[in-house]
Amino acid sequence: MNAPTKLTPADFATDQEVRWCPGCGDYAILKGVQKTLADIGASPDNTVFVSGIGCAARFPYYVNSYGFHTIHGRAAAFATGVKLSNPELDVWVVGGDGDSLSIGGNHLFHLLRRNVDVQYLLFNNEIYGLTKGQYSPTSRVGTRSPSTPQGSVDQPANALQFSLGAGARFVARGIDISQKHLTEVLTRAHAHKGASMVEIIQNCVVYNDGAFEQFTAKKTAAETQIAVEDGKPLLFGKEKDKGLRLDPKTLTLEVVTIGENGVTEDDILVHDEKNRIIAGLLARMSAPEFPVAIGVLYCDPVESYESGLLGQVEAEESRHPGAQLNNLLRDGNTWTVGD
Amino acid sequence: MEGSVASSGSPDSQRKQIDSVVVRFAGDSGDGMQLTGSQFSSAAALAGNDLATFPDFPAEIRAPVGTTFGVSAFQINFGSRVIKTSGDQYDVLVAMNPAALKVSIANLREGGLVILDSGSFTERNLTKAGYAADPRQDGSLAQYQLMEIDISSMTLDVAKPLGLSQKEALRCKNMWTLGLVYWMYDRDPQPTVDWLQGKFGGKAPEVAEANIAALKAGHAFGETAEISGEATKFTVGQAEIEPGEYRLVQGSEALSWGLLAGTQLAGLEMLLASYPITPSSPVLHVLAGLKEFGVVTFQAEDEIAAVCAAIGGSYAGKLGITASSGPGVALKTEAIGLAIATELPLIVVNTQRAGPSTGMPTKTEQSDLYLSVYGRNADAPMPVLSVRSPGDAFDTAIEAVRIATKYMTPVTLLSDGYIANAAEPWLIPDMTTYTPFPKEKRTDPEGFHPFLRDPETLARPWAVPGTPGLMHRIGGIERDYDSGNISYEPANHQKMTDARHQKIDQIADDIPEQDVELGAPGGKLAIVGWGSTYGPINRGVSNMRDQGYDVSHIHLRYIWPLPRNLGELLRSYDKVIVAEMNTGQLRTLLRAELLVPAEGLNKVSGQPLKIVEIEEAIQQSLPQAKAAE
Ligand SMILES: Cc1ncc(C[n+]2csc(CCOP(=O)(O)OP(=O)(O)O)c2C)c(N)n1
Ligand code: SF4
Ligand SMILES: [Mg+2]
C-alpha cells in the first residue's frame with residue numbers, strides 16, 4: 001500500500017446514491033461523521049459501521065469503510081460479535097430511536113452494561129421514519145401519528161437516562177445541524193475506550209418536522225441549549241449569565257440568572273464528567289423549562305468487555321502453550337482395547 | 001434380545017456369566033443418581049464392556065423431596081456384546097425411595113431384581129409417592145425379586161461417626177448403593193475412591209472420607225451378608241470391540257470438541273455465542289472451558305443476540321457458532337435469514353427437546369426438522385445435518401464446519417436431548433488422520449466485489465474488515481449479482497434466489513451417497529431413521545434379520561440437501577418406514593422431495609424409541625417374512 005496520506009471527508013464517501021429525503025437531518029450527521037473520520041485519521045480498512053434497520057440505519061452504505069446493514073434492532077449484538085472476533089477494529093453502530101430503544105432496547109442495554117468498545121450513534125427523530133411515521137418510544141405524549149390518531153398516551157423514554165441506567169460509561173448528546181459541536185462530541189466518543197453512547201437529535205422533515213425546533217432553532221439556541229464542558233460552570237445564554245444551580249434539599253437543578261436574587265457564579269454547579277448523578281440531572285433536562293444539555297454529560301472509563309474477556313482467553317493460552325486437541329481428547333479416564 | 005439377561009453362566013464359577021444387563025438407578029433429585037450412574041458407567045467402561053447410558057432427570061432442579069416428579073434416574077446397558085441402546089427394559093432397578101419405585105417399576109422386566117432402601121419406605125414417603133398401600137406388602141411386586149436393605153441406616157452407621165451431620169451423612173447413601181452394585185458385578189471400586197478423593201479431598205476431606213466409607217461398606221455388605229435370590233453375583237465379560245484407545249464420551253462433549261476440531265481443520269478460530277437453555281447449555285459450558293484453544297465464548301442476553309453476535313463474529317473473520325434448543329432456534333430465524341442473504345458461515349446447533357413451546361425441556365424429541373429445513377421467512381435454504389450418537393456428534397460437527405466454510409452458508413447441526421446427555425465408549429480419534437480443509441479469506445483487491453461467486457462452489461469471497469483495500473458494504477437488502485450493490489431489479493432477484501438455491505442444492509455432489517447401515521439395497525422393507533433413533537432401529541433390524549426377516553436399516557446424516565442416490569435407493573424397497581420421534585417430519589420431507597410412498601413409525605412421548613417397537617413394526621409389515629428366505 002502507498003504511504004498513508006491524510007484523508008479528507010470526501011474520502012469517506014461512497015459512490016452509492018444517498019436515499020434519504022431531501023432536507024433530512026441524516027445528511028448533516030453523515031457529513032459530521034465523515035469530517036470526524038478525517039479529523040481523527042481513521043483508516044477505512046479498519047473501520048466498520050454496523051446498523052440495524054430504519055432510515056438512520058442506511059448509514060453504512062454511505063461511508064467508505066466496511067459496513068454491515070443487519071436486521072431491525074440487533075445492531076448492538078452484531079457489533080458485539082464483531083469486537084469479540086477482532087477487537088482491533090474501530091466499530092461504529094448506527095440506529096434510530098425505534099431500532100435502538102424499541103425492538104433493540106434489550107441489546108442496547110446489554111451493550112452499554114457490558115461496555116463493549118464501540119461508538120453507538122442513536123439518531124433520535126422521535127418517530128419511525130422508514131415505516132412512514134408511526135410514533136416511537138421517544139415520541140412525546142400526545143404525538144399524533146398513523147398508529148396513534150388520537151395522540152400517543154405512553155410516556156417516552158429518554159435515551160441518555162436509559163443509557164446511564166444501563167451503566168454506560170460515556171454518554172453524550174449532539175444535534176444534527178450543530179456540525180462543529182457534533183464533530184467534537186464524536187471525536188470524544190471515539191477517543192473513549194468502552195461503549196460510547198451519543199444521542200444525536202435528528203430532524204425528520206417528512207414525519208416529524210420541527211419536533212426539536214424549540215431548542216434547535218439557531219436564533220434562540222444560546223438560550224435553549226447548554227453545551228457542557230468538564231470542569232466548567234454550567235452556564236448558558238447569549239451573555240453566559242444563566243446557569244444551573246443544584247438545590248441540595250430536593251436534589252434538583254434550577255435555572256438561575258447571575259446577578260439576580262443575589263446569585264453569583266459561585267452558586268453555579270460545575271460540570272464533572274465523572275459524576276453520574278450530575279449526568280443524570282443534565283440528561284433529563286428538557287425544553288422549555290430547561291436548556292437541553294449537549295456535549296459529554298458523562299465519561300468515566302473502565303475496562304471494556306472484549307478486553308476483559310479476550311484477556312481471559314489470552315491468559316489461558318499462555319498458561320497452556322501449544323494446547324493440542326489430541327491431548328484434550330485423551331484427558332481423563334481412557335483404556336486400551338488390544339488387538 | 002438386547003436388554004435381556006441371557007444366562008450363559010459357567011456352573012463352576014460362583015459368579016454367573018451374563019452378556020449384557022440393564023441397571024436403572026432411581027432416586028430423589030437430591031440422591032445423587034446421575035453421579036452414581038456416571039461412576040458406574042466409568043467402571044463398566046474400564047472393565048472393557050460396551051455400554052449405552054440414559055440419564056433421565058426431572059425438569060425441576062429441586063422438586064419437593066419424595067415426590068414422583070422429583071425422581072431422577074440413570075439407566076445403563078452394559079455388556080460383553082455390542083450395545084446399541086440403553087435398553088428397553090431393565091434387569092435391575094435400584095429404588096432409593098417409594099417415588100422412584102413407583103415411576104420406574106413398569107419397565108422392570110418380569111423376574112427382574114428390585115433393590116430398595118427400606119429405610120426410606122416410611123408412611124410419609126409412601127403417601128408422597130401416592131401409594132395407598134405399601135407395595136412391598138400388597139403383592140404388587142410379586143413378579144420381581146425383591147432385595148430390601150435399610151441403606152439409610154447402614155449409611156448413617158458408617159458416615160456419621162466421621163463428623164458429618166445427619167443430613168450430610170445420609171447423602172452418602174448413593175455411594176453405599178454403588179458399592180453394593182459394584183460388588184454384584186465384580187467391579188473395582190478404586191477408581192471411584194480416587195475420584196471422590198479428587199473431588200472432595202481438598203475442600204472437604206471429611207465428606208470424601210464418609211463417601212468412601214459408605215462405598216466400601218456397601219461393597220462389604222455384598223461380600224459378607226447373606227443375600228437371597230438366585231441372581232445377585234455376575235460377571236460381564238469384555239466386549240469385542242475395535243482395538244484402540246477408548247474413553248467415555250457424552251454427546252454434548254463430543255459435539256463441542258467436534259466443533260473445535262472442525263474450526264481447527266478450517267484454520268480458523270471460534271466464537272461461540274449462546275444463551276443457556278436445556279438441553280443445549282453443556283455445549284456452552286464445555287467450550288467456555290477451552291479458552292486455551294483460543295475459543296471465545298459469549299453468553300448473550302438472549303438467543304437473538306447470540307446468533308447475531310455469532311454472525312457478527314463470522315463477518316469479522318472468526319467462525320461464528322450458536323447453540324440452542326427449539327425455542328431458542330425459533331428466535332434466531334430472522335438472523336439466520338440474514339446469514340443466508342449475506343452468505344456468511346455460521347453453525348446453528350439445535351439440541352432438540354420435547355415441545356411445542358416449553359414442552360418437556362429435559363425429554364427428548366426430533367420435532368425440529370421442519371424448523372431446520374423450512375422454518376424461515378422467504379426462500380431461505382440452508383444445509384441441515386443430524387447427529388446419530390454421542391460419538392458420531394464429533395465427526396458430524398466437523399462436517400458441518402466443512403460445509404459452512406466451503407460454501408459460505410449457515411448450517412444447522414441437529415442433536416437431541418438424548419444424545420446430548422447419553423454417554424458411550426468412544427474410540428478416540430487421532431486428529432493427525434483428518435484432512436484439513438483450510439478456508440481462504442479474500443485479500444486481493446483486484447477485481448473484487450463482495451458477491452463475486454466461485455464458479456465451482458458458488459460461494460462468495462470472505463473479505464473481512466481489516467483487510468486493506470476491500471472495503472465494502474453488505475446487508476439484508478437484495479444485492480446485484482454482478483456488482484454486489486443494492487438492487488431491486490426483478491430479474492436480479494430471480495437470479496439471486498436461484499443462485500442461493502443452487503449453491504445449497506449442489507452440496508449434494510460433495511457429500512457421500514447414502515449407504516445402507518444393515519442389509520442391502522433392494523428388498524422388502526427399509527426402516528429409515530435419522531438422529532438418536534439409530535440405536536433402537538439398528539438393534540431392532542438386526543434382531544429381525546437374525547430371525548430371517550428381509551429388512552434393512554438406512555440412517556441419514558444429511559437431511560438437507562438429501563444424498564443424490566436416496567430416491568433411487570428407497571425406491572428399491574417394496575416398502576419404506578420412517579421411524580422418528582415426531583409425527584412424521586422426515587417422512588413428509590421424503591415424500592415431497594423423492595415421491596416415495598414412505599410410511600411412518602412415530603412416537604412422541606419424550607422417551608427414546610424402543611427396540612421392541614421397531615421389531616413390532618417390522619413384524620406387522622412383513623407377516624410372512626420368514627417364508628421369504
Ligand atoms: C423485524 C422487523 N420488524 C419491523 C420492521 C419494520 N421497521 C423497519 S424500520 C422500523 C422503525 C424505524 O424507526 P427508527 O428506528 O426510529 O428509524 P428511522 O427510520 O426513524 O431512522 C420498523 C418498524 C423490520 N424491518 N423488521
Ligand atoms: S423519512 Fe424522515 S428520517 Fe427518513 S429519510 Fe425521510 S426525512 Fe429522513
Ligand atoms: Mg426514528
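The values are calculated or read from the model by the stated rules, or taken from the named source; none is laboratory data. Nothing here was measured: the structure is a model prediction, and the numbers come from that model. Glycine also receives a Cβ, built like all others from the backbone with ideal geometry; neighbour counts cover every protein chain displayed.
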* **Criterion (within 13 Å of ligand 3 (Cβ to nearest atom) and more than 30 Å from A:P87 (Cβ to Cβ)) met by exactly one of A:Q134, A:Q155, A:Q150, A:Q179** => A:Q134
* Asked: Name the pairs: first residue in the stretch A:194-220 and over 25 Å from A:S163 (Cβ atoms) and within 15 Å of ligand 1 (Cβ to nearest atom), second residue part of a strand (DSSP E or B) and hydroxyl-bearing (S, T, Y), Cβ to Cβ under 7 Å, at least 6 apart or on different chains?
  -> none
* All but one of (1) buried (at least 24 other Cβ atoms within 10 Å of the Cβ); (2) more than 7 Å from every other protein chain (Cβ to nearest Cβ); (3) β-branched (V, I, T) hold for B:I277, so report the exception by its number. => (1)
* Asked: Of all residues in the stretch A:42-73 being of a type outside the set (S, T, Y) and within 15 Å of the chain's Cα centre (by Cα), which is nearest to ligand 3 (Cβ to nearest atom)?
  -> A:A56
* Positions within the stretch B:161-175 being surrounded by fewer than 17 Cβ atoms within 10 Å (Cβ to Cβ) and free of Cβ contacts under 8 Å to residues at least 40 places away in the same chain, in sequence order -> B:P161, B:S165, B:Q166, B:K167
* Residues in the stretch B:425-444 that are within 14 Å of chain A (Cβ to nearest Cβ) and crowded, with 20+ Cβ neighbours inside 10 Å: how many? -> 3
* All positions within the stretch A:139-176 that are within 15 Å of the chain's Cα centre (by Cα) and of a type in the set (V, I, T) -> A:V171, A:I175
* Positions within the stretch B:470-509 being among the small types (G, A, S) and either in contact with an Asp or Glu (Cβ under 7 Å, 6 or more places away or on another chain) or surrounded by 15 or more Cβ atoms within 10 Å (Cβ to Cβ) (or both), in sequence order -> B:G475, B:G476, B:G484, B:S487, B:A499, B:A508
* When you look at B:P465, is it away from every other protein chain (no Cβ under 11 Å), surrounded by 14 or more Cβ atoms within 10 Å (Cβ to Cβ) and either among the β-branched types (V, I, T) or out of contact with any Lys or Arg (no Cβ under 7 Å at 6 or more places or on another chain) (or both), yes or no? -> no
* To do: Determine, yes or no, whether A:A28 is at pLDDT 95 or above, over 27 Å from B:K318 (Cα atoms), within 16 Å of ligand 2 (Cβ to nearest atom) and crowded, with 22+ Cβ neighbours inside 10 Å.
  => no
* Scan the stretch B:90-105 for residues that are within 24 Å of the chain's Cα centre (by Cα) and surrounded by fewer than 22 Cβ atoms within 10 Å (Cβ to Cβ) and jot them down. => B:V103
* Asked: So, of the residues in the stretch B:470-504 that are of a type in the set (G, A, S) and within 7 Å of another protein chain (Cβ to nearest Cβ), which turns out to be farthest from A:S51 (Cα to Cα)?
  -> B:G476
* Taking B:P623 as the residue in question, decide whether it is modelled with pLDDT under 95 and buried (at least 23 other Cβ atoms within 10 Å of the Cβ). => no
* To do: Can you confirm whether the stretch A:68-87 contains a residue that is at the interface with chain B (Cβ under 9 Å from one of its Cβ atoms) and within 17 Å of A:T14 (Cα to Cα)?
  => yes
* Please name all residue pairs, on different chains or six or more residues apart, with Cβ atoms under 8 Å, provided the first residue is in the stretch A:6-25 and is within 14 Å of chain B (Cβ to nearest Cβ) and of a type outside the set (A, V, I, L, M) and the second residue is in a loop (DSSP other than H, G, I, E, B) and away from ligand 3 (no atom under 16 Å from the Cβ). => A:D11/A:N64; A:F12/A:A42; A:F12/A:N64; A:F12/A:S65; A:T14/A:N64; A:Q16/B:N485
* Just give me the residues in the stretch A:108-124 being over 13 Å from A:K193 (Cα atoms) and of a type in the set (S, T, N, Q), in sequence order. => A:N124
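Would you point out the residue of the stretch B:343-376, among those that are among the polar types (S, T, N, Q) and in contact with an Asp or Glu (Cβ under 7 Å, 6 or more places away or on another chain), that is nearest to B:V464 (Cα to Cα)? Before you say what the answer is, go through the steps one by one.
To start, the set of residues in the stretch B:343-376 that are among the polar types (S, T, N, Q) comprises B:350-352, B:357-358, B:362, B:364, B:366-367, B:372.
Add one more test, that the residue is in contact with an Asp or Glu (Cβ under 7 Å, 6 or more places away or on another chain), and what stays is B:350-352, B:364, B:366.
Numbers: B:N350: 27, B:T351: 30, B:Q352: 33, B:T364: 39, B:Q366: 36 Å.
Among them, the one singled out is B:N350.
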* To do: Scan the stretch B:282-299 for residues that are free of Cβ contacts under 8 Å to residues at least 60 places away in the same chain, part of a helix (DSSP H, G or I) and of a type in the set (A, V, I, L, M) and jot them down.
  => B:L284, B:V286, B:L287, B:A288
* Failed criterion for B:H449 (all others in (1) surrounded by fewer than 23 Cβ atoms within 10 Å (Cβ to Cβ); (2) under 29 Å from B:G251 (Cα atoms) hold) -> (2)
* To do: Being farther than 28 Å from A:Q179 by Cβ, polar (S, T, N, Q) and within 10 Å of ligand 1 (Cβ to nearest atom) narrows it down to one of A:T131, A:T148, A:T80, so name that one.
  => A:T131
* **Residues satisfying the stated conditions in the stretch A:308-338, i.e. under 23 Å from B:W195 (Cα atoms), in a loop (DSSP other than H, G, I, E, B), at the interface with another protein chain (Cβ under 7 Å from one of its Cβ atoms) and at pLDDT below 95** => A:G332, A:N333
* Asked: Of the residues A:G95, A:G54, which is within 9 Å of ligand 1 (Cβ to nearest atom), in a loop (DSSP other than H, G, I, E, B) and either at the interface with chain B (Cβ under 7 Å from one of its Cβ atoms) or in contact with a strand residue (DSSP E or B) (Cβ under 8 Å, 6 or more places away or on another chain) (or both)?
  -> A:G54
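Within the stretch A:137-147, which residues are of a type in the set (S, T, Y), in contact with an Asp or Glu (Cβ under 8 Å, 6 or more places away or on another chain) and either away from ligand 3 (no atom under 12 Å from the Cβ) or over 28 Å from A:N275 (Cβ atoms) (or both)? Can you show your working first?
Taking the stretch A:137-147 and keeping what is of a type in the set (S, T, Y), we get A:138-139, A:143, A:145, A:147.
Going one step further and asking which of them are in contact with an Asp or Glu (Cβ under 8 Å, 6 or more places away or on another chain), we end up with A:138-139, A:143.
A:S139, A:T143 - these are the residues of the stretch A:137-147 that are of a type in the set (S, T, Y), in contact with an Asp or Glu (Cβ under 8 Å, 6 or more places away or on another chain) and either away from ligand 3 (no atom under 12 Å from the Cβ) or over 28 Å from A:N275 (Cβ atoms) (or both).
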* Asked: Yes or no: A:A172 of a type in the set (A, V, I, L, M) and more than 16 Å from ligand 3 (Cβ to nearest atom)?
  -> yes
* Structure fact -> Looking across the stretch A:100-150 at residues that are away from ligand 2 (no atom under 13 Å from the Cβ), among the aromatic types (F, W, Y) and closer than 18 Å to A:Q161 by Cβ, the single one that is farthest from the other protein chains (Cβ to nearest Cβ) is A:Y120
